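Take a look at the structure set out below.
The values are calculated or read from the model by the stated rules, or taken from the named source; none is laboratory data. Just so you know, these numbers come straight off a predicted model, no measurement behind them. Cβ placement follows ideal geometry from the backbone for every residue including glycine, while neighbour counts extend to all protein chains displayed.
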Amino acid sequence: MGCFFSKRRKAEKESQPEGEEERPKQYSWDQREKVDPKDYMFSGLKDETVGRLPGKVAGQQFLIQDCENCNIYIFDHSATVTIDDCTNCVIFLGPVKGSVFFRNCRDCKSALACQQFRVRDCRKLEVFLCCATQPIIESSTNIKFGCFQWYYPELAFQFKDAGLSIFNNTWSNIHDFTPVSGELNWSLLPEDAVIQDHVPLPTTEELKAVRLSTEASRSIVPVSRGQRQKNSDESCLVVLFAGDYTIANARKLIDELVGKGFFLVQTKEVSMKAEDAQRVFQEKAPDFLPLLNKGPVIALEFNGDGAVEGCQLIVNEIFSGTQMFVSESKDAASGDVDSFYNFADIQMGK
């Protein structure tokens, strides 16, 4: 038995005027805008300042290779970025959803945010970093790290587009795949290092149109001390629960405590389960269990003499209507502050 639709297609073909070719079918993927790889690449440049403005990369992969004495600025979010065989370059990268990979580079300075960061066969790099996972170096020497601090109006939205949290930043927790006995292939930049002295703002008229700031107080990513030695034996853990103003409250709390001379050591944002709450909050866990269903929590660790009292005072004065967990132990080596490291274990999936 014949098929009705096959007969109809045959009739349509027979009715087509002789000599007129059948029009090719149009599919949705044929109608997509064609991507030119050259628009997402800087290659073979020397002594130039180049970049991409917000909205010009829009989540595509990007390649930077064989550049020398160049200043390169990507003010947009990307999928992945690979940087190969570059010498004496300044490189700024907006949020990268996946990995940033430096290979065979030397004497470069960079500021960037990403999910994964890796360096291989490089020497003498300075990197102001925001990285959601542990940064990795391999077969590399004289690699120096600082905490990312940068601002422009589109940056917060680009972090969201890249799926990155501004509070998950393990910039100083470096893993060296190829350590050398008695030597250290990496180090942390001085805490008073001025990022603009290492990664200067662009000077071309096009790129200057982006409203930039490198002031720590305006940085989208909270500037933390990371693995640097603590100034005090007293630390305090504060946990903020999900709500309409969680991020704003976290930023406000950081500003208040840093303004009073305390140090932000590290930050985390993670979803918690009941067993996590028991480890972190201990006897207070039942009070906070209902809040965990609202979404991820943000944890902040502050350090400094009087940090516990200072945190409790600020929370009571400014955030009296907001439920927060504030640790009560003053000893950074024991008690409630250990719960921050339990909290870090949650983030690492342990």
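Some observations on this one:
- Summed over the range 278-313, residues that are loosely packed, with under 15 Cβ neighbours inside 10 Å and on the phi > 0 side of the Ramachandran plot total 2.
- The number of residues in the range 189-218 being outside any loop (DSSP other than H, G, I, E, B) and charged (D, E, K, R) comes to 5.
- Residues of the range 138-164 that turn out to be crowded, with 20+ Cβ neighbours inside 10 Å and over 17 Å from residue 111 (Cβ atoms), as a count: 1
- Residues that are closer than 18 Å to residue 75 by Cα and either under 15 Å from the mean Cα position of the chain (by Cα) or of a type in the set (Asp, Glu) (or both) do not occur anywhere in the range 176-190.
- Pair list, Cβ < 6 Å and 6+ apart or interchain, from the range 204-217 residues that are within 16 Å of residue 92 (Cβ to Cβ) to residues that are surrounded by 12 or more Cβ atoms within 10 Å (Cβ to Cβ) and of a type in the set (Gly, Ala, Ser): 207/51
- Strands (runs of 3 or more DSSP E) (entirely within the range 47-98) containing at least 3 residues that are more than 22 Å from residue 135 (Cβ to Cβ): 49-52
- The set of residues in the range 151-188 being out of contact with any helix residue (DSSP H, G or I) (no Cβ under 8 Å at 6 or more places or on another chain), in a loop (DSSP other than H, G, I, E, B) and touching a residue at least 60 places away in the same chain (Cβ under 8 Å) consists of 152, 154, 162, 163, 164, 169.
- Meets criteria (at positive phi, outside any helix (DSSP H, G or I) and not assigned by TED's automatic domain parsing to the domain that holds residue 133) for residue 321: no
- Residues that are of a type in the set (Val, Ile, Thr), more than 25 Å from residue 295 (Cα to Cα) and buried (at least 16 other Cβ atoms within 10 Å of the Cβ) do not occur anywhere in the range 226-241.
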